[in-house]
Every structure is written in C-alpha cells, then in structure tokens.
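Step one of this worksheet: look at the structure below.
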Amino acid sequence: MSDVVEQRFASLVQPHFAALYRAAMRLTRRRADAEDLVQEVCLRAFSRLDDLSAVTNARAWLMRALYHLFIDATRRKRRQLSISLPGDDAAGAPPSEEAGPERLAEAGRLHERLAAVWDRLDTEQKALLSLHSEGHDLEELAAIFGVNKNALSARLHRARQRLAKLLAADANSPALRLVENQ
C-alpha cells in the first residue's frame, strides 16, 4: 500500500474513528463486537476509498456503513443458534468504585433494566436512538438511514415512545417490585 493511499485513508477515517467506536459500542454492547464492526467499516472504507473521498460528509458515509454492517451482522446472528455465556463483555464502564453499596446496587438494577428493555427494541430503533444519543443531528441521521428528515423525525419519536413504554411496563413488573422490596 502506498503512503499516499495510506495518508488519504487516515485523513478521511481517523477524525471519525472515536465516534465510530462509540456508536458501535452502543449498538453491539460488547467490546469485541464493536471492535469487529469498526474494523469492517474501515475495510469497507478502504476498499471504497474513491467513493468516500467524493462525499461531502465522510462521517455520515461511515456511520451509514456502520449501520448497514450492524444490520447485516444482526441478521446473520438471528439465523444462527447462538448461546451467550455469562461473563461476556457488557457495554459501558462499571459503576464508579467510589459510590456506596446502595448506589452501586441501584445503578446495577437500572443497567439491567435498561439492558432488558433495550433488547426488546427492534434493530432500527436501537441504531437510531444510539446514533442520536451520540450527537448526530437529524440531517446526519437522514443521510445514514437514507430517509428524509420528516420520516426520520417520526421514527425517532416512535423509538423514544417505545422505549418509554417498555421502561414503564418493566417498572410495573412483579419481579422488579420483589427486588425493590427486599
């Protein structure tokens, strides 16, 4: 690989690498999967360097590639029978060690509750909420998802409503009340 091509690739991808990784972590919730996803995006970007160079918003192009690769990977996983082993990397950093035991327990319950509800969202809703929380504006998201801003705004609203509804239903579940009453 020539130095010119390498520099061109680095100048187009490197400024967006941290955002790609954060978005991948939010989508996959596993460090290894996020790293694999970002690596796939980089491979796609390198193989289509001329296309990437021609776009006006490289970040949106890369995020769109990330989203499509995530969707493809999710579909492949659904086709395969997979078993998650306890102890797999969980998304996010552990709670602060400075917090007391009650605060740690509360944070753990909230994380578990959100994780359970998050898994019940559809793939597009997860991706949309993740990328929006990452700071992407409606124009960037419209480019990533390939829809107009009005349709995207409606989808974002529905995703938020669904998440709120699932969280509210989960808060009323008998299992949660038993844990909280102990």
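A short reminder: the numbers here are calculations on the coordinates, not readings from a lab. As the structure is a computational prediction, the values presented were derived from the model and not from experiment. A quick note on method: Cβ atoms are made from the backbone with ideal geometry, for glycine too, and the neighbour counts reach across all protein chains shown.
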About its Cα centre, what dipole magnitude does the range 103-159 give when the only charges are +1 on Lys and Arg Cβ and -1 on Asp and Glu Cβ, stated in debye to the nearest 20?
260
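Per residue, how big is the convex hull of the range 1-79 when only Cα atoms are used? Give it in Å³.
Looking at the range 1-79, the number lands at 92 Å³ per residue.
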Could you tell me the extents of the range 5-51's C-alpha atoms along the three principal axes, largest first, rounded to whole Å?
32, 17, 15
Take Ser130, Ser47, Ser53, Ser2 and order them by how many other Cβ atoms sit within 10 Å, fewest up front.
Ser2, Ser47, Ser53, Ser130
